[in-house]
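Colleague: Here it is, the structure in full.
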Amino acid sequence: MANGNQVIQLFEEFAPKHLAVEGDKIGLQIGSLNKEVKRVMVTLDVLESVVDEAIEKQIDLIIAHHPPIFSPLAQVNDRSTAGKITMKCIQHDIAVYVAHTNLDVCSGGVNDWMSEAIGLRDTKVLVPTYEEPVYKLSVFVPSTHAHDVSLALGKAGAGHIGDYADCQFRVSGTGQFTPLEGTDPFIGRPHETEQVDEVKIETVVRESQKKRVLKAMKDAHPYEEVAYDLMRDEIEGHVFGLGRIGRLEQAMTLEQFAEHVKISFGVEGVRVVGDPGRSIEKVAVLGGDGNKYVSTAHFKGADAYVTGDLYFHVAHDAMALGLAVVDPGHHVESIMKQGVIDVLSKKFEKAKINVDLIQSVANTNPFQFK
């Protein structure tokens with residue numbers, strides 16, 4: 001069995017909260033995570049119909065992409081939709097956790113799932129929002145244990161530079177120390193100065209890896225007190241951000257591409273801006289409302305931009321720029337339901353916890369095509 005905090009801790013390894021854009025409404029919005037969780041439901045939206053579905057299926061925790069509480073509630077009662085949803089969840093002990101822009105931004109998240117769905121390759125971030133800091137780690141270890149510590153660092157994820165893994169530098173030297181009263185030294189005796197053949201191992205560590213790498217290093221190190229340095233490096237860190245831009249396997253006309261998007265996302269129709277006969281190869285994708293980034297997609301050389309909620313005047317702007325736009329709607333972000341379940345299934349299996357993962361089937365798309 002799993003505790004709710006454990007479930008969210010595993011989820012946040014994938015979509016850390018610090019990746020969310022400033023001011024986003026994320027995290028635990030309703031209920032408590034300090035309880036046993038047997039069943040988790042994943043949904044795009046938390047509407048009353050979704051909560052009713054959760055009640056029927058005896059759900060303990062809902063993980064949603066869109067926050068049910070976006071503006072502060074002055075009262076919690078049954079006179080507002082948000083109040084009804086909140087009351088029902090509390091009455092049935094259903095916690096609601098929201099991962100919004102952090103799930104958009106993270107590697108392997110919403111925008112990557114959308115890019116994969118339409119077959120983009122060689123994708124890069126469209127709108128950078130965060131560059132992960134990189135640190136230089138130097139640790140001093142007796143030569144007899146250098147291999148063990150080196151192996152532990154690599155297994156914990158340290159040493160990735162570009163397309164290379166296990167990047168380390170070693171230099172041999174002499175370490176000196178004097179154990180004081182009350183110590184239990186691996187080598188030497190209290191109050192006697194020792195000199196030991198040691199190896200200095202240097203490697204790089206990303207911000208998200210620090211705790212894991214340092215723990216692995218200390219667990220593998222024989223010394224009671226581990227001597228190490230950790231300093232911010234100027235190496236370019238991994239860039240996270242909104243949207244993706246990449247290329248199709250082969251060019252197609254805008255008319256063909258629009259049909260391809262329609263089929264890929266399983267929608268009844270798409271809105272299209274641009275000449276149906278123009279060639280499309282380089283494509284930008286941004287889930288949800290991407291109106292603000294039409295000029296960014298154009299600047300980065302996209303032939304077409306796939307996003308939702310396109311405004312009338314923004315469509316005119318795209319036409320003036322010569323940028324084709326395909327709008328399959330905001331609801332295509334529902335691709336996140338299966339994506340999150342796939343990610344958590346692997347994490348739960350590795351952590352050896354037994355939690356049922358359920359995809360919400362309630363229809364939360366407010367639009368119909370006639």
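The values are calculated or read from the model by the stated rules, or taken from the named source; none is laboratory data. Model, not experiment: these values are computed from the prediction. With ideal geometry, Cβ positions are generated from the backbone for all residues, glycine too; neighbour counts draw on all protein chains shown. The protein model used for the area step is the full one, side chains on, heavy atoms only, and it has no ligands, DNA or RNA in it. Shrake-Rupley method; radii C 1.70, N 1.55, O 1.52, S 1.80 Å.
Colleague: Quick one: how many residues across region 301-328 are more than 19 Å from Gly119 (Cβ to Cβ) and either open to solvent by 10 Å² or more (accessible area, probe 1.4 Å) or modelled with pLDDT under 95 (or both)?
Modeller: Number satisfying all stated conditions: 13.
Colleague: Still on this structure, I have one more. Restricting the first residue to region 351-363 and requiring it to be farther than 16 Å from Ile63 by Cα, which pairs with a second residue that is among the basic types (Lys, Arg) and buried (at least 18 other Cβ atoms within 10 Å of the Cβ) meet a Cβ separation below 9 Å and a spacing of at least six or different chains?
Modeller: Correct list of pairs: empty, since none qualify.
Colleague: Okay, next question. Which of the following residues is part of a helix (DSSP H, G or I) and more than 21 Å from the chain's Cα centre (by Cα): Val340, Val314, Val332, Val326?
Modeller: Val314
Colleague: While we're on this one: Go through (1) of a type outside the set (Lys, Arg); (2) at pLDDT 95 or above; (3) loosely packed, with under 15 Cβ neighbours inside 10 Å; (4) closer than 24 Å to Ser143 by Cβ one by one and return the number of the condition Glu192 breaks.
Modeller: (2)
Colleague: Then there's this: From the list Thr144, Thr123, Thr183, which one is open to solvent by 50 Å² or more (accessible area, probe 1.4 Å) and either free of Cβ contacts under 8 Å to residues at least 24 places away in the same chain or part of a helix (DSSP H, G or I) (or both)?
Modeller: Thr144
Colleague: Condition (residue is open to solvent by less than 50 Å² (accessible area, probe 1.4 Å), among the β-branched types (Val, Ile, Thr), under 25 Å from the mean Cα position of the chain (by Cα) and more than 30 Å from Gly159 (Cα to Cα)) applied to region 260-270: is it met by at least one residue?
Modeller: The first filter runs over region 260-270 and keeps only residues open to solvent by less than 50 Å² (accessible area, probe 1.4 Å), leaving 261, 264-265, 267, 269-270.
This time we only want the ones that are among the β-branched types (Val, Ile, Thr), so: 261, 267, 270.
Applying the additional criterion that residues be under 25 Å from the mean Cα position of the chain (by Cα) yields 261.
Still in the list and also more than 30 Å from Gly159 (Cα to Cα): 261.
Scanning region 260-270 turns up at least one residue that is open to solvent by less than 50 Å² (accessible area, probe 1.4 Å), among the β-branched types (Val, Ile, Thr), under 25 Å from the mean Cα position of the chain (by Cα) and more than 30 Å from Gly159 (Cα to Cα).
Colleague: Evaluate region 35-44: report whether one residue or more is touching a Ser or Thr at 6+ places or on another chain (Cβ under 6 Å) and farther than 28 Å from Gly329 by Cβ. Steps first, please.
Modeller: Residues of region 35-44 that are touching a Ser or Thr at 6+ places or on another chain (Cβ under 6 Å), as a first pass: 41, 43-44.
Next, from what is left, pick out any that are farther than 28 Å from Gly329 by Cβ: none.
Looking for residues that are touching a Ser or Thr at 6+ places or on another chain (Cβ under 6 Å) and farther than 28 Å from Gly329 by Cβ, one finds none in region 35-44, hence no.
Colleague: Out of the residues in region 199-233 meeting the condition of being more than 12 Å from Val149 (Cα to Cα) and among the acidic types (Asp, Glu), tell me which one is least open to solvent (accessible area, probe 1.4 Å).
Modeller: Out of the qualifying residues, it is Asp233.
Colleague: Let me ask another. Identify the residue in region 147-167 that is hydrophobic (A, V, I, L, M, F, W, C) and part of a loop (DSSP other than H, G, I, E, B) and, among all such residues, is most open to solvent (accessible area, probe 1.4 Å).
Modeller: Within region 147-167, the match that is most open to solvent (accessible area, probe 1.4 Å) is Ala165.
Colleague: Now for a separate question. Which condition number in (1) part of a strand (DSSP E or B); (2) touching a strand residue (DSSP E or B) at 6+ places or on another chain (Cβ under 6 Å); (3) closer than 14 Å to Leu126 by Cβ is the one that Gly287 fails?
Modeller: (2)
Colleague: Here's a follow-up. Inspect region 5-22 for any residue being assigned to a helix (DSSP H, G or I) and either more than 17 Å from Asn102 (Cβ to Cβ) or more than 23 Å from the chain's Cα centre (by Cα) (or both) and give the result as yes or no.
Modeller: yes
Colleague: Then there is this: When you go through Arg121, Arg79 one by one, which is the residue that is of a type in the set (D, E, K, R) and under 24 Å from the mean Cα position of the chain (by Cα)?
Modeller: After applying the criteria, what remains is Arg121.
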